[in-house]
Every structure is written in structure tokens, then in C-alpha cells.
Amino acid sequence: MLLPSLDIIKRERERLRLSQKQLANMANVSTSMINQIESGRCKPSYETAKRIFEKLTNFEEEQSDTAGDICTWNIVKLKVTNTINDARKKMHSVGISQILIFDGNTPKGVVTEEGILKKLDDSGDKSRWKKTQLLHVMEKIPAIITHDTPVKSIVQLVRTGKFLLVTKDTKFGIITASDALNIMDKN
């Protein structure tokens, strides 16, 4: 396995706000060795360099936010038996463009403003559209990820849909495309 340049160690250590002593303890080497590596006075063995890079990577992953840290746990949802009119009113009242549809505690799909408009456009009988149950117009459920999914995986996943569901035990949260943009601002 090819390792990154040793020059990166200092930059990564400082970016992660680790002292030389902390990194030395993590990698099981002396503080003096970290100092000498960073100043270019010493070239560690392959195994030592590998261990230092692994410890930096592991530390970053441990410090990283997860899906559970950034999702909204208090989500707006409706039942499969609610109507298009219920969904339209709820979306308007809370200022959202999509609503999750549940059957009991199980997510079954999603209704979006775009989907409702398409249903209206395709419907020959416009007089009954308001009473149509969401079961008949909902789109497939978005991707579901666990609460401990690292944030760096989330941006790519949101690109495949408008949002993600986050699960922890029997609880569900949501991460929207807007949340993903906020993640990108932090990095």
C-alpha cells in the first residue's frame, strides 16, 4: 500500500487540532519522533508511518458528524389513508414540498408537490382528486440509512433523491438536499 507524503502529517494533525503529544500517544511513538518527522529530520519506518496515518484517519472518522447528528428527528408525516388535499394543506402550512407517508410506524412512500401536480395533469376526473388517498399517488420510499452513517457519505446519497430517511431503532429522521448543502458549507 502506497502511503501519502510525510509532509501531510503535520497539516492533518493541525487540521484535526491534535498536539504532537496526542498524536504520539495515539500512534504509540515518542513526541520527539512526531516532531522530527514533521520537521523532516527523520524518516520513520513504513510500519510506523502507516500507523500514524491510520491513527489520523481513525481520529477524523471518530470526530465526524453522523447522519443522526444532522438529521431532523421531528418529521412531518401523513398516513396512507390521508388524501391529496390533506397533503396539500399540510405542505402549505409548514412550508415543505414533500411529506413522508407511513402505514403505522412503517414508512411506505412520499408525496411531493411535483407528484401531486403530475397526478392532476394525468387525471381525467379532476373533480375527485382532492379525495384521492395518498396510497394511490405516493412515490417510492427514499433511501434509508442508519443514524451512524458518516456525513461524508451523505452528500453523494442525497444526490440520488431529494432526501434520505435516517433510522435509529424504531425512530425516523430526515436529511434533505438543503441539509446536504449545509454539510458542504462546513467542509
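The values are calculated or read from the model by the stated rules, or taken from the named source; none is laboratory data. Since we're looking at a predicted model, the values are computed, not measured. As a convention, Cβ positions derive from the backbone with ideal geometry for all residues, glycine included, and neighbour counts pool all protein chains shown. Side chains included, ligands, DNA and RNA excluded: accessible areas come from the protein's heavy atoms. Shrake-Rupley method; radii C 1.70, N 1.55, O 1.52, S 1.80 Å.
Descriptive notes on the structure:
- Taking the convex hull of the alpha carbon positions in the stretch 70-151 and averaging its projected area over all directions gives 6.0 nm².
- Candidate aspartates and glutamates for bridging to K55, where Cα separation is under 13 Å - those fewer than 8 sequence places away on the same chain excluded: E12, E47
- Which label in (i) 24.4, 81; (ii) 16.0, 52; (iii) 19.8, 63 gives the computed Rg and Dmax of the Cα atoms in Å: (i)
- Remark: the stretch 77-94, residue by residue, has Karplus-estimated 3J(HN,Hα) of 8, 10, 9, 4, 8, 5, 9, 4, 5, 4, 5, 4, 5, 5, 4, 5, 5, 10 Hz, where x stands for each Gly or Pro and the curve is 6.51 cos²θ - 1.76 cosθ + 1.60 at θ = phi - 60°.
- The 3J(HN,Hα) values that the Karplus relation (6.51, -1.76, 1.60; θ = phi - 60°) gives for the stretch 2-13 are, in residue order, 7, 9, x, 4, 5, 4, 6, 4, 4, 4, 5, 4 Hz. Gly and Pro appear as x.
- For the chain, the relative contact order works out to 20 percent when only alpha carbon pairs closer than 8 Å and six or more residues apart are counted.
- Solvent exposure of the chain amounts to 63 Å² per residue of accessible area, where only protein heavy atoms count and the probe is 1.4 Å.
- Where trypsin sites (Lys or Arg not before Pro) fall in DSSP loop in the stretch 126-176, at most 13 other Cβ within 10 Å: K140, R159
- Value of [θ]222 nm, deg cm²/dmol, for the chain, DSSP H segments ≥ 4, -39500 (n - 2.57) each, nearest 500: -13500 deg cm²/dmol
- Coil-residue trypsin sites (Lys or Arg not before Pro) of the stretch 1-73, DSSP, other Cβ within 10 Å capped at 10: R17, R41
- Once both labels are positioned 7 Å from their Cα atoms along Cα-to-Cβ, the gap between S32 and D148 label points is 4.0 nm.
- Comparing V29, V166, V158 in a Gaussian network model of the chain, where Cα atoms under 10 Å apart are tied by springs, the biggest mean-square fluctuation is seen for V29.
- Surface share of carbon and sulfur [accessible, 1.4 angstrom probe, percent] for the chain: 48
- Expressed to the nearest 5 percent, the antiparallel share of DSSP beta bridges inside the chain is 75 percent.
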